[in-house]
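A.B. asks: Supplied in structure tokens, the structure appears directly below.
The values are calculated or read from the model by the stated rules, or taken from the named source; none is laboratory data. Predicted, not measured: the structure shown is a model, and the values here were computed from it. A quick note on method: Cβ atoms are made from the backbone with ideal geometry, for glycine too, and the neighbour counts reach across all protein chains shown.
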Amino acid sequence: MMIGRGTLMEFAFTAEQEQFREIVGRFLTDKSPTTAVRRLMDTEEGYERQVWQQLCGELGLAGLHIPEAYGGSGFGPVELGVAMEEQGRALLCAPYLGSAVMAGYAILLGASEDQKQKLLPPIATGSKIASLAVTERSGFWSETDVNLAATPEGGGYRLSGQKRFVLNGGEADLMVVVGRTAAGLSLFAVESGADGVSASPAPAMDPTRKIADVIFDNVPAVLLGEEGKAPLEDIYNAVLIAFANEMIGGAQALLTSAIDYAKLRVQFGRAIGSFQAIKHRCADLLVQVELAKSTAYQAAQTLAAGEDATVAASMAKAAASECYLHAAKECIQFHGGIGFTWENDTHLWFKRAKSSEVFLGTPKQHRERLLAAMGV
Amino acid sequence: MIMDTDLQSLRQEVKAWLADNWDPQRSLMDWRIKLVESGWGAPDWPEEFYGKNLPPAAVNAIAEEFAAAGAVGSAQSGVRFLASATLLEHGNDDQKRTYLRRILTGEDAWCQLFSEPGSGSDLAGATTRADRKGDHWIINGQKVWNTSAHHADYGLLVARTDWDQPKHKGLTYFIIDMRQPGVEVRQLKQMNGHASFNEVFFTDAKVTDDQLVGTLNDGWQVAVTTLAYERRSFARIRTVTADRHGDGPIYAEYAKEVEIANEPYTWYPQRAGRVDLVVERAQETGAIDDPAIRQEIAKLLTLNQSAQWYGARLREAQKAGTTRGPEGSISKIAASNIARLASDVHTSITDIDAMLTGPQSPRDGIIAEILVSVPAVSIAGGTDEIQRNIISERLLDMPKEPRFDTGPFKDVKRN
Ligand SMILES: Cc1cc2nc3c(=O)[nH]c(=O)nc-3n(C[C@H](O)[C@H](O)[C@H](O)COP(=O)(O)OP(=O)(O)OC[C@H]3O[C@@H](n4cnc5c(N)ncnc54)[C@H](O)[C@@H]3O)c2cc1C
């Protein structure tokens with residue numbers, strides 16, 4: 001069983017991509033220190049407008065994967081992966097995953113040409129925040145889990161039902177909603193102020209990301225693309241791959257922190273990193289991080305090559321989320337008592353890792369998905 | 001081994017005593033004094049110190065009779081338990097008389113002042129100093145992660161009294177009065193939002209000579225006793241439940257006492273993983289039908305059950321005197337494994353709702369609290385790594401790690 005040619009390719013980042021990583025990395029180190037993360041996670045909006053504008057403007061990050069024809073810069077999943085990895089490392093508080101990645105990909109892959117021309121530019125420039133509402137019951141996207149009803153009326157549609165765990169659902173100017181019509185699953189665009197929409201923030205374990213429950217009560221909506229033809233799986237793959245790259249960035253940050261501390265902390269007259277009990281676990285963690293990175297990078301490469309990325313995407317999601325959480329647990333453990341405090345920063349990543357484990361499907365669900373895609 | 005017939009007559013005796021004495025109209029203090037004087041409040045303690053010198057099986061039977069009568073017991077929860085166990089083993093008669101009684105009555109609360117910023121696992125690396133001044137001791141330095149210190153009247157303190165000796169030989173164990181000007185307690189917030197542990201600062205705090213436990217510079221031996229009790233009973237000692245209800249003012253007083261005592265520990269059941277909730281939760285979410293999750297649940301229940309059975313075997317072996325001492329480390333590692341697996345299983349069961357927290361999240365936030373509290377289990381009371389060192393070196397007699405800290409303490413490398 002071939003997973004797609006992408007997995008057989010040799011892969012290295014180009015010099016330009018490495019340079020891009022450095023620029024993004026430097027920007028985020030500067031703009032997203034944990035003092036900023038802590039300040040923003042306590043706000044309702046959850047991000048800083050000025051930093052968001054710079055991120056989208058100067059760095060052009062929100063439109064990275066969006067073609068130039070729609071106001072973006074026309075790079076692909078690999079560059080998007082780089083941007084995500086750096087954001088994960090810096091634990092950036094921003095509507096990037098929800099707006100640029102999730103809603104951006106949904107429109108890019110599912111809307112008509114006219115709609116893309118109209119809707120994508122403000123997302124690419126960051127002047128509008130969009131969100132993508134799929135989940136109703138499980139975090140794992142599946143055809144059968146979508147029950148929000150869309151009924152034709154006049155020239156448009158009316159949506160009724162409920163969506164949960166909508167990333168940036170509370171702040172979004174525009175919501176892309178997956179609903180069910182007689183023809184099947186379809187994408188719809190809903191303006192934030194539309195009659196009958198009510199979004200309420202859901203108290204999140206990871207306060208660095210804002211999620212909302214959204215209720216739709218006969219809400220006017222515009223069909224995106226063709227009825228019954230929402231390319232849910234393609235959107236899912238693209239989103240999962242970007243998300244996996246974010247997670248490995250977080251895992252790397254935790255690994256670095258764990259190792260730095262193990263070298264610094266002295267007990268029994270020696271650095272704790274000199275105990276094999278710790279040293280070997282650092283080595284194991286590096287192995288896991290490198291393997292997870294490989295799945296995330298390769299999945300981005302597969303998508304960039306235009307191949308079916310289902311297997312690679314689900315592998316990357318499962319591997320990256322398990323690696324991320326494991327890195328977080330180890331990092332706390334190596335820190336001892338201080339690792340369990342609020343004051344120490346490790347818990348910020350731990351909570352991101354813990355909620356990333358179940359967001360967009362658990363590792364178990366993705367392992368089933370990848371086997372199914374392989375025909376096993 | 002205690003015979004069944006003995007237990008039967010013991011139960012009769014307790015019943016009769018309770019029938020004559022238990023009265024929910026009394027004040028809690030009144031009743032506790034009765035308990036202390038009769039020995040029924042600490043039946044496994046020596047007869048000369050408020051006990052009846054009875055074996056564990058008898059203690060359980062007595063506890064059951066108390067429960068059946070709705071009678072409130074003595075105050076032995078939390079660090080009070082560690083303090084009394086340590087004093088019973090190492091305290092002198094004066095200390096036992098002074099402190100044990102007020103532990104049982106609930107008048108005094110205690111905390112453990114072992115860990116320091118620079119010495120946690122390496123407890124014997126403590127740098128809080130005790131200097132002799134006239135007929136007493138002056139304490140300077142800092143402790144950290146001290147659970148419940150914000151409620152405590154007394155602390156179990158390990159401080160350095162000789163800097164020229166190797167580190168284990170220069171420590172002394174003291175009882176310190178927490179209610180004095182030289183002791184400052186600051187609460188520390190944890191990653192789960194609670195603030196049950198503290199930093200404790202000593203600035204010329206005073207300890208009297210008769211508060212020295214054991215012998216000068218031999219505090220390490222005493223500390224080891226405290227730690228052994230802590231490990232052995234890690235899963236049990238912390239919380240008490242206000243499980244006594246009924247008419248009478250004593251129940252209200254008791255509920256208040258339990259509430260204060262439990263305040264730092266409300267999240268402890270969650271940190272242990274709440275195995276008790278797993279099956280119910282799987283049933284209520286439908287996860288019980290998922291074969292992969294069923295496997296995880298069965299594995300967790302097996303692990304949990306085997307740890308309980310191990311605990312029972314261990315208690316018998318301790319009674320029979322066939323243990324080597326550090327077996328509590330096995331229980332403690334088991335507790336970590338259980339908690340970690342339980343956290344994973346709860347996550348599988350809870351699916352995406354595991355992203356939520358607070359009163360509107362599953363089980364009033366209890367599930368979320370499990371997920372952010374479990375990381376403490378493998379750190380508190382001695383880390384998993386330290387337990388593994390103990391198991392391998394002291395139970396399996398494996399070669400010891402080379403040491404770099406055996407010279408005079410003042411020359412040992414530290415943070
Ligand atoms: C919830 C909670 C409650 C607590 N309550 C109390 C209390 O009431 N009183 C009190 O005195 N303390 C208390 N503690 C402190 C606890 O005992 C210490 O945190 C613990 O012993 C670890 O010490 P440390 O934090 O200094 O970590 P460190 O000792 O610095 O350890 C850091 C890491 O190094 C590892 N390590 C250290 N030495 C070795 C070695 N030789 N071999 C291999 N690995 C090693 C550790 O396992 C850990 O992973 C509490 C802690 C917590 C989390």
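A.B. asks: For residue A:243, are the conditions met, namely being modelled with pLDDT of 95 or more and within 16 Å of the ligand (Cβ to nearest atom)?
C.D. replies: no
This table checks each residue for (1) within 10 Å of the ligand (Cβ to nearest atom); (2) touching a His at 6+ places or on another chain (Cβ under 8 Å); (3) in a loop (DSSP other than H, G, I, E, B).
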{"position": "B:375", "(1), (2), (3)": "yes, no, no"}
{"position": "B:381", "(1), (2), (3)": "yes, no, yes"}
{"position": "B:386", "(1), (2), (3)": "yes, no, no"}
{"position": "B:389", "(1), (2), (3)": "yes, no, no"}
{"position": "B:394", "(1), (2), (3)": "no, no, no"}
{"position": "B:399", "(1), (2), (3)": "no, no, yes"}
{"position": "B:404", "(1), (2), (3)": "no, no, yes"}
{"position": "B:415", "(1), (2), (3)": "yes, no, yes"}
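A.B. asks: I would also like to ask the following. Starting from residues that are more than 19 Å from the chain's Cα centre (by Cα) and assigned to a loop (DSSP other than H, G, I, E, B), keep the ones in the stretch A:305-353 and report whichever is nearest to the ligand (Cβ to nearest atom).
C.D. replies: Restricting to residues being more than 19 Å from the chain's Cα centre (by Cα) and assigned to a loop (DSSP other than H, G, I, E, B), the top hit is A:344.
A.B. asks: For the stretch A:140-152, indicate whether the set of residues that are within 18 Å of the chain's Cα centre (by Cα), part of a loop (DSSP other than H, G, I, E, B), within 14 Å of chain B (Cβ to nearest Cβ) and more than 20 Å from residue A:181 (Cα to Cα) is non-empty.
C.D. replies: yes
A.B. asks: When only residues in the stretch B:101-125 that are of a type in the set (Asp, Glu) and more than 17 Å from the chain's Cα centre (by Cα) count, which is farthest from the other protein chains (Cβ to nearest Cβ)?
C.D. replies: B:107
A.B. asks: Hey, another quick one. Restricting attention to the stretch B:353-394, report how many residues are more than 23 Å from the chain's Cα centre (by Cα) and away from every other protein chain (no Cβ under 11 Å).
C.D. replies: Selection size over the stretch B:353-394: 4.
A.B. asks: Let me ask another. Mind counting the residues in the stretch B:354-379 that are touching a residue at least 24 places away in the same chain (Cβ under 8 Å) and of a type outside the set (Lys, Arg)?
C.D. replies: Final tally of qualifying residues: 13.
A.B. asks: When you scan the stretch B:67-80, how many residues do you find that are surrounded by 20 or more Cβ atoms within 10 Å (Cβ to Cβ) and outside any loop (DSSP other than H, G, I, E, B)?
C.D. replies: The qualifying residues number 2.
A.B. asks: Considering only residues that are near the ligand (Cβ under 9 Å from one of its atoms) and at negative phi, look in the stretch B:126-154 and name the one that is nearest to the chain's Cα centre (by Cα).
C.D. replies: Result: B:147.
A.B. asks: While we're on this one: Do we have residue B:342 as small (Gly, Ala, Ser), within 23 Å of residue A:203 (Cβ to Cβ) and facing chain A (nearest Cβ under 8 Å) here?
C.D. replies: Judged against the criteria, residue B:342 is not a match.
A.B. asks: While we're here: Among B:30, B:108, B:94, which is the only one that is under 30 Å from residue B:186 (Cα atoms) and of a type in the set (D, E, K, R)?
C.D. replies: Going through B:30, B:108, B:94 in turn, just one is under 30 Å from residue B:186 (Cα atoms) and of a type in the set (D, E, K, R): B:108.
A.B. asks: Would you mind telling me which numbered condition in (1) assigned to a helix (DSSP H, G or I); (2) within 14 Å of chain B (Cβ to nearest Cβ) residue A:297 fails?
C.D. replies: Of everything listed in (1) assigned to a helix (DSSP H, G or I); (2) within 14 Å of chain B (Cβ to nearest Cβ), residue A:297 misses just condition (2).
A.B. asks: Determine which member of the set A:233, A:246, A:290 is closer than 29 Å to residue B:369 by Cβ and of a type in the set (Asp, Glu).
C.D. replies: Only one candidate passes the filter, namely A:246.
A.B. asks: So, one more: Filter the stretch A:264-274 for residues that are more than 7 Å from every other protein chain (Cβ to nearest Cβ), surrounded by 15 or more Cβ atoms within 10 Å (Cβ to Cβ) and hydrophobic (A, V, I, L, M, F, W, C) and give the result.
C.D. replies: Passing the criteria: A:271, A:272.
A.B. asks: Working only within the stretch B:2-30, note down all residues that are of a type in the set (A, V, I, L, M, F, W, C) and within 18 Å of residue B:64 (Cα to Cα).
C.D. replies: Within the stretch B:2-30, B:2, B:3, B:7, B:10, B:14, B:16, B:17, B:18, B:19, B:22 qualify.
A.B. asks: Now for a different question. Can residue B:409 be described as more than 16 Å from the ligand (Cβ to nearest atom) and outside the structural domain of residue B:314 (by TED's automatic domain parsing)?
C.D. replies: So residue B:409 fits the description; yes.
A.B. asks: Considering A:248, A:259, which residue is within 16 Å of the ligand (Cβ to nearest atom), in contact with a helix residue (DSSP H, G or I) (Cβ under 9 Å, 6 or more places away or on another chain) and more than 14 Å from chain B (Cβ to nearest Cβ)?
C.D. replies: Among A:248, A:259, only A:259 is within 16 Å of the ligand (Cβ to nearest atom), in contact with a helix residue (DSSP H, G or I) (Cβ under 9 Å, 6 or more places away or on another chain) and more than 14 Å from chain B (Cβ to nearest Cβ).
A.B. asks: Being assigned to a helix (DSSP H, G or I) and modelled with pLDDT of 95 or more is the filter; apply it to the stretch B:99-123 and report the residue that is nearest to the ligand (Cβ to nearest atom).
C.D. replies: B:103
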